[in-house]
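The values are calculated or read from the model by the stated rules, or taken from the named source; none is laboratory data. These figures come from a predicted structure and were not determined experimentally. Heads up: the accessible areas ignore ligands, DNA and RNA and are worked out on the full protein's heavy atoms, side chains in. Shrake-Rupley method; radii C 1.70, N 1.55, O 1.52, S 1.80 Å.
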Amino acid sequence: MLTVDFSRFPIAPGDRVLDLGCGGGRHAFEVYRRGGRVVALDQNADEIREVRKWFAAMELEGEAPAGASAVAVEGDALNLPFPDGSFDKIIISEVMEHIPDDKGVLAEMVRVLKPGGSIAITVPRWLPEQICWALSDAYHEVEGGHIRIYRGDELLEKMRGAGLTPHGTHHAHALHSPYWWIKCAVGVDNDKALPVRAYHQLLVWDIVGTPVIGKLTRLTEKALNPVIGKSFVAYATKPRTGQDEE
């Protein structure tokens, strides 16, 4: 399940891409499949080990084209272990809402992004997230949980303040908003509740169901994304300096 739209954020063969706060690696895997030289970074050592295993399995199965590469490293988003201008593109998906110093993370990403490079940032959308917080304290009052809710214009302003030039936004995962509202209403850890199990099956059908079901759910989600999309996605570039353009 990808949050970044790769038709808006194209990966060229050989692009060096950082997936910052990669989690389970879903965006990093897609970058690898598209021929990028991806670095997946997360502070969670267990997840990094799993991502490494999946990278190795993808290599064995020949899922990535020649010239693509993939590594997974443990690291700190506020102190990235890379020189200035190391990456052509950076993805940070559903991460910034967890980090107190979000301006510090933005500054580090801008530092390691090449002039003219692109960045994709995704965060939980304001309205669906407000509903989740209102329904359940347990949804966000956990170690490592969400500490803020972004309005779209607030995130864009912070991106501009970091020196980025936003150039596009959209919403994603509308079908996931009701699922989380149900979970918050019945208990975020109560996966056995009938409404949760029933809705989860719908989401499974969306991923592995028949082509007809998949098309129906995709059309439904596309129509609902502007209204209740769970994620807000913003794209931006790092301006070139006069020296870079010469």
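For the stretch 76-238, with all protein chains present and a 1.4 Å probe, just round the carbon and sulfur fraction of the accessible area to a whole percent.
It is 60 percent, rounded to a whole number.
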Going by amide H atoms built from the backbone, whose H comes under 5 Å of the H on Q43, apart from near neighbours?
G75
If the chain between T169 and D137 were fully extended at 0.36 nm per residue, the gain over the current Cα-Cα distance would be 8.6 nm
Residue-wise HN-Hα coupling along the stretch 179-185, computed from phi with Karplus coefficients 6.51, -1.76, 1.60 (Hz; x: Gly, Pro)
4, 6, 5, 5, 4, 5, 6
Over 23 Å between Cα atoms: which of K89/K183; K53/K230; K183/K230; K192/K215 fall into that group?
K89/K183; K53/K230; K192/K215
Taking only protein heavy atoms and a 1.4 Å probe, what accessible area per residue, in Å², does the chain have with all protein chains in place?
51 Å²
On the principal axes of its Cα set, how long, how wide and how thick is the chain? Give whole Å, largest value first.
60, 42, 35
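Residue separation times 0.36 nm, minus the C-alpha to C-alpha distance between R218 and E94: what's the value? List each step's numbers first, then the result.
Working: separation 124, 0.36 × 124 = 44.64 nm, distance 2.12 nm.
Gain on extension, R218 to E94, equals 42.5 nm.
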What residue among V39, V204, V186 has the largest mean-square fluctuation in a Gaussian network model of the chain, using Cα springs under 10 Å?
V204
Sequence-distant or interchain residues sharing an amide H contact under 5 Å with S69, placed H: which?
R37, V38
For a quick check, take a GNM of the chain with Cα springs below 10 Å and name the residue from L164, L224, L20 with the largest mean-square fluctuation.
L224
For the stretch 36-120, rounded, prolate or oblate, judged on the Cα gyration tensor with a ≥ b ≥ c (square roots of eigenvalues), a/c < 1.5 rounded, else prolate if a/b > b/c?
oblate
Run the numbers for E59 and Q43: contour at 0.36 nm per residue of separation, minus the present Cα-Cα distance, in nm.
3.4 nm
